[in-house]
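Asker: I am attaching a structure below and will ask some questions about it afterwards.
The values are calculated or read from the model by the stated rules, or taken from the named source; none is laboratory data. This structure is a prediction, so every number in the text was calculated from the model and none was measured. Positions of Cβ are generated from backbone atoms using ideal geometry, with glycine treated the same way; all protein chains shown enter the neighbour counts.
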Amino acid sequence: MGLLALFLLIILPVIEIYLFIEIGGALGTGWAILLIFMTAALGVTAMRRQGLAVLQEAQAAQGRGRPPIGAVAHGILILMGGGLLLLPGFFTDALGLLCLLRPVRLFLIAAVLEALLPHIVRMRPGAGGHAQSKGGAGRAVDDKTIEGDYRVDDE
C-alpha cells in the first residue's frame, strides 16, 4: 500500500510533468493542451458508449438467470479508464485508453482473478475469513481430522 501511495503522490506527477514538457516542446504548448482536452472528450464518449454496451450485457445475463459478474468487472475498468482519460496528463491518458480496450480488460480481469482465487478458495466457510490449512493431496485439514495410511490384509 505504501508503494502505491508513493507512486500516486510522487512518481505519477513527475511522469506527467516530464511528458507535458516533452510533448509540449515537440508539438507546441497550444497543441499539447488541445490534445489533453481531446482525450478528455474521447474518454467521456468512449466511457458512455462502452458503459451502455456493458449495461446491456449485464441485463442480458440477469435475464438468463446468471449473475453479471463479468459485466461488472468490465464496467469497473471502463469507469476507471474514462476517469483516467478525464485527468489531465498523457500518461494517465495512455492508461485510460488501455482500460477501454476489451482485450486489455480481459487480460486484467484474468490476472486479478488468478491472483485472488487461490486466497478465496482457501477461505473456510463460517470461520470469519481465516485461512484453512492444507493437508496431503490438497485436502482441507481441520482439528478433528486424523490422517493416516491403511492396508487391507486378506486372511
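Asker: Does Phe91 fit the bill of being surrounded by fewer than 16 Cβ atoms within 10 Å (Cβ to Cβ) and among the aromatic types (Phe, Trp, Tyr)? Spell out the reasoning first.
Answerer: On the way: surrounded by fewer than 16 Cβ atoms within 10 Å (Cβ to Cβ): no; among the aromatic types (Phe, Trp, Tyr): yes.
No: the conditions fail for Phe91.
Asker: Any residue at all in region 58-71 that is touching a helix residue (DSSP H, G or I) at 6+ places or on another chain (Cβ under 6 Å), in a loop (DSSP other than H, G, I, E, B) and modelled with pLDDT under 90?
Answerer: Yes, that holds for at least one residue.
Asker: Please state which of the following conditions Pro88 fails to meet, knowing it meets all the rest: (1) of a type outside the set (Asp, Glu); (2) touching a residue at least 40 places away in the same chain (Cβ under 8 Å); (3) not in a loop (DSSP other than H, G, I, E, B).
Answerer: (3)
Asker: Checking Glu114 against (1) modelled with pLDDT of 85 or more; (2) surrounded by 10 or more Cβ atoms within 10 Å (Cβ to Cβ), only one condition comes out false. Which one?
Answerer: (2)
Asker: Let me ask you something else. Would you mind stating whether Arg105 is outside any helix (DSSP H, G or I), within 30 Å of Val54 (Cα to Cα) and modelled with pLDDT of 85 or more?
Answerer: Working: outside any helix (DSSP H, G or I): no; within 30 Å of Val54 (Cα to Cα): yes; modelled with pLDDT of 85 or more: yes.
The answer is no for Arg105.
Here is a yes/no grid of residues against (1) aromatic (Phe, Trp, Tyr); (2) exposed (fewer than 11 other Cβ atoms within 10 Å of the Cβ); (3) over 17 Å from Gly96 (Cα atoms); (4) touching a residue at least 24 places away in the same chain (Cβ under 8 Å):
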{"position": "Gly2", "(1), (2), (3), (4)": "no, yes, yes, no"}
{"position": "Leu6", "(1), (2), (3), (4)": "no, no, yes, no"}
{"position": "Leu12", "(1), (2), (3), (4)": "no, no, no, yes"}
{"position": "Glu16", "(1), (2), (3), (4)": "no, no, no, yes"}
{"position": "Gly28", "(1), (2), (3), (4)": "no, no, yes, no"}
{"position": "Thr45", "(1), (2), (3), (4)": "no, no, no, no"}
{"position": "Ala58", "(1), (2), (3), (4)": "no, no, yes, no"}
{"position": "Gln62", "(1), (2), (3), (4)": "no, no, yes, no"}
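Asker: For the structure I just gave you, tell me whether Ile36 is among the β-branched types (Val, Ile, Thr), out of contact with any Lys or Arg (no Cβ under 7 Å at 6 or more places or on another chain) and surrounded by 14 or more Cβ atoms within 10 Å (Cβ to Cβ). Explain how you work it out, then say what you get.
Answerer: Working: among the β-branched types (Val, Ile, Thr): yes; out of contact with any Lys or Arg (no Cβ under 7 Å at 6 or more places or on another chain): yes; surrounded by 14 or more Cβ atoms within 10 Å (Cβ to Cβ): yes.
Spelling it out, Ile36 is indeed among the β-branched types (Val, Ile, Thr), out of contact with any Lys or Arg (no Cβ under 7 Å at 6 or more places or on another chain) and surrounded by 14 or more Cβ atoms within 10 Å (Cβ to Cβ).
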